[in-house]
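The values are calculated or read from the model by the stated rules, or taken from the named source; none is laboratory data. Keep in mind the model is a prediction, meaning the values are calculated, not measured. So basically every Cβ, Gly included, is an ideal-geometry build from the backbone, and we count neighbours across all protein chains shown. Note: accessible area is taken over every heavy atom of the protein model, side chains too, but ligands, DNA and RNA are not part of it. Shrake-Rupley method; radii C 1.70, N 1.55, O 1.52, S 1.80 Å.
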Amino acid sequence: MQFYSTNKKVEPVSFKEAVLKGLPDDNGLFMPGTIPQFSKQFVEQLPHLSFEEIAMEGARNIIEGEIPEADLLMIIRDAFDFDIPIKRVHDRIHVLELFHGPTLAFKDFGARFMALVMGYFLKSDHREVNILVATSGDTGSAVAQGFLGVDGVKVTLLYPKGKVSKIQEQQLTTIGRNVTALEVEGTFDDCQHLVKTAFLDEELNAAMNLSSANSINIARLLPQSFYYTFAYSRFAKNAKNIVFSVPSGNLGNLCGGLLASKMGIPIAGFISASNANDIVPHYLHTGHFDPKPSVQTISNAMDVGNPSNFVRMLHLYENDFEKIKSEISGISFDDRQTEDLIREVHSNHGYLMCPHTAIAYGGLKHLLKPDDTGVFLSTAHPSKFKDVVEPLISSEIEIPLRLREIIEKEKQALAMSKDFADFKAFLLDANR
Ligand SMILES: *Cc1c(COP(=O)(O)O)cnc(C)c1O
């Protein structure tokens, strides 16, 4: 399989090159040259297959032998060594819990798979690499955990000062070893801009091998298709029209679902649910894509004003707006509405959601059609957003042990301005 850049100004590359480069030189995003199709037999067999078998088939289709079967199986076993429960919340509304990995957020799926795949390729090449990650909260820790202690890899995390939760900050700044956290005086978009500028800087690229680990890396996107296929498989026999509601920021999660659908999983539709940063719902209603500076909300991992995977969505649909609109609905909720949703579902149905998850639930509550079965994606454990959630339910949330240990560690972060010159000087200095 060849991977092309969405800007089409560079030659297509192998999976390995696409993964190690992260971003093509023309500042586009890598996409598979063709979308492979699951066989009819595979789709029929789905209810009998395990997550591991489903992940293997999805990965095999895209990676096409660039990682031998046995190694791929080890990567998949290592990356997804946690539960993926599906629970009924009420009526035809179900939740797919994606937060049982090491950092208690769905980012573990993409980040662990990508880190293991990169580690696999780097080991065989004896290459050294600098991974730059801009994070709005959960990405950074998930990626860094995946790379922790991997030889030849240095990880630099950039997060917006004061705009991630206390627990998220502890997770980002207490990893140590080959991982450095930078506390940037700016927004998530500023962090992302620093990373993007670094990739285009000739002097930096001459001095070191830079690689990206944002949701823009194709190896992050791919595994995010596996759990849609898996969830579909658990309903396939009993429910016809499965609709997924996805709490969206950079659209990596949604694009994973679209990929599964384009590969032949008969998903009836998607809901892209957002907070006040309603760029995508606005696009779906009007056909106009108007990126804006992000605004801060209680679902901070979705505070994105210019979703980096938007162009992938367009490519998956060959720019056909009518088709996009027929398969994806958009809706947004402000903080007040988000809080109401958390309170309501907790008191009526005994299910506790983090603010991101609540937005996905809201999507189904408002848009699920009478004959459809809804699955909303739960992207983080509610205890990660304790400060927001606890006052709403007037009781304490139990914090999982893994998190309690992290909260007690000492924060280690370097202050950084949003000025590229400062960031560049830091990188050159750190790699001297
Ligand atoms: C990153 C994140 C999102 C948004 O996912 P995208 O792939 O950026 O759209 C939603 N919820 C949580 C908890 C996240 O960490």
request  = Could you look at segment 298-432 and say what percent of its accessible area is carbon and sulfur, using a 1.4 Å probe and all protein chains?
outcome  = 46
message = What number do you get for segment 257-393 when its Cα radius of gyration is normalised by 2.2 N^0.38 Å, N = residues?
response = 1.08
ask   = What is the set of long-range amide H partners of Asn209 at a cut-off below 5 Å, with H atoms built 1.01 Å from backbone N?
value = Asn130
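Relative contact order of the chain: what whole-number percent is it, with Cα pairs under 8 angstrom and at least 6 residues apart? Before the final figure, lay out each step's value.
Values: 848 pairs, mean separation 81.5, N = 432.
Reported relative contact order: 19 percent.
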Length-normalised contact order of segment 95-182 in % [C-alpha pairs under 8 Å, at least 6 apart] = 28
inquiry  = With θ taken as phi - 60° and the coefficients 6.51, -1.76 and 1.60, list the Karplus ³J(HN,Hα) couplings across segment 2-9 in order, rounded to whole Hz; mark glycine and proline as x.
reply    = 9, 10, 9, 8, 4, 8, 6, 9
query = For the chain, what does -39500 (n - 2.57) per DSSP helix run (n ≥ 4), summed and divided by total residues, give at 222 nm, in deg cm²/dmol to the nearest 500?
reply = -13500 deg cm²/dmol
ask   = Which FRET efficiency value, to the nearest 0.05, do you get for Ala415 and Glu318 by plugging their Cβ-Cβ distance into 1/(1 + (r/R0)^6) with R0 = 60 Å?
value = 0.85
inquiry  = Can you give me the long-range amide H partners of His94? Hydrogens built in the peptide plane at 1.01 Å from N, cutoff under 5 Å, separation of 5 or more residues or another chain.
reply    = Val89, Gly374, Val375, Phe376
inquiry  = Per-residue counts of other Cβ atoms within 10 Å, averaged by peptide: what ranking do you get for 228-241, 410-423, highest first?
reply    = 228-241, 410-423
message = If I model a spin label as a point 7 Å beyond the Cα along the Cα-Cβ vector, how far apart are those points for Glu66 and His366 in nm?
response = 3.9
request  = Can you tell me the FRET efficiency between Arg432 and Asp26 if r is taken as the Cβ-Cβ distance and R0 is 30 Å, rounded to the nearest 0.05?
outcome  = 0.55
query = Between His126 and Ala207, how many nm apart are label points set 7 Å from Cα along the C-beta direction?
reply = 2.6
ask   = Lys pairs in segment 93-237, Cα-Cα under 23 Å, at least 8 apart or on separate chains: how many?
value = 9
note = Partner aspartates and glutamates whose C-alpha sits under 14 Å from that of Lys9, ignoring same-chain residues fewer than 8 away, are Asp25, Asp26
message = How would segment 202-282 be classified by its alpha-carbon gyration tensor: rounded, prolate or oblate, with rounded meaning a/c under 1.5 and the a/b versus b/c comparison settling the rest?
response = oblate
note = Of the accessible area of segment 108-214, computed with a 1.4 Å probe and all protein chains kept, carbon and sulfur make up a percent value of 45
Heavy-atom accessible area order for Ile359, Ile399, largest first, 1.4 Å probe = Ile399, Ile359
task = Pull out the extension gain between His349 and Ser50, defined as 0.36 nm times the separation in residues minus the alpha carbon to alpha carbon distance; nm, one decimal.
result = 104.7 nm
ask   = Could you give the dipole magnitude of segment 292-352 about its Cα centre, charging the beta-carbon of Lys and Arg +1 and that of Asp and Glu -1, in debye to the nearest 20?
value = 120
For segment 35-50, 3J(HN,Hα) per residue [Karplus equation, 6.51 cos²θ - 1.76 cosθ + 1.60, θ = phi - 60°, Hz, x = Gly/Pro] = 9, x, 10, 5, 6, 4, 4, 4, 5, 5, 6, 2, x, 9, 9, 7
task = Quick one: dipole size for segment 10-135, taken about the Cα centre, charges +1 on Lys/Arg Cβ and -1 on Asp/Glu Cβ, in debye to the nearest 20.
result = 360
task = Please say if segment 67-179 is rounded, prolate or oblate, where rounded means a/c under 1.5 for a ≥ b ≥ c the square roots of the C-alpha gyration tensor eigenvalues, and otherwise the choice is prolate for a/b larger than b/c and oblate otherwise?
result = oblate
inquiry  = I'd like the Karplus ³J(HN,Hα) series for segment 76-89: coefficients 6.51, -1.76, 1.60, θ = phi - 60°, whole numbers in Hz, and an x wherever there's a Gly or Pro.
reply    = 5, 5, 5, 5, 10, 8, 9, 6, 10, x, 10, 10, 7, 9
request  = Report, in debye and to the nearest 20, how large the dipole of the chain comes out about its Cα centre when Lys and Arg carry +1 and Asp and Glu carry -1 on their Cβ.
outcome  = 540
key: Dipole-positive endmost among Gln171, Ala181, His193 within segment 166-210 (Cβ charges, Cα centre)   = Gln171
query = Under 22 Å from the Cα of Lys365, which lysines turn up, not counting those fewer than eight places away in the same chain?
reply = Lys87, Lys240, Lys325
query = Could you give the accessible area per residue of the chain, probe 1.4 Å, as a whole number in Å²?
reply = 40
note = Of all DSSP beta bridges having both residues in the chain, the percent classed as antiparallel (nearest 5) is 20
request  = Grab the beta carbon distance between Lys240 and Leu148, set R0 = 60 Å, and tell me the FRET efficiency rounded to 0.05.
outcome  = 0.90
query = Over the Cα atoms of the chain, what Rg and Dmax result, in angstrom?
reply = 20.2, 62
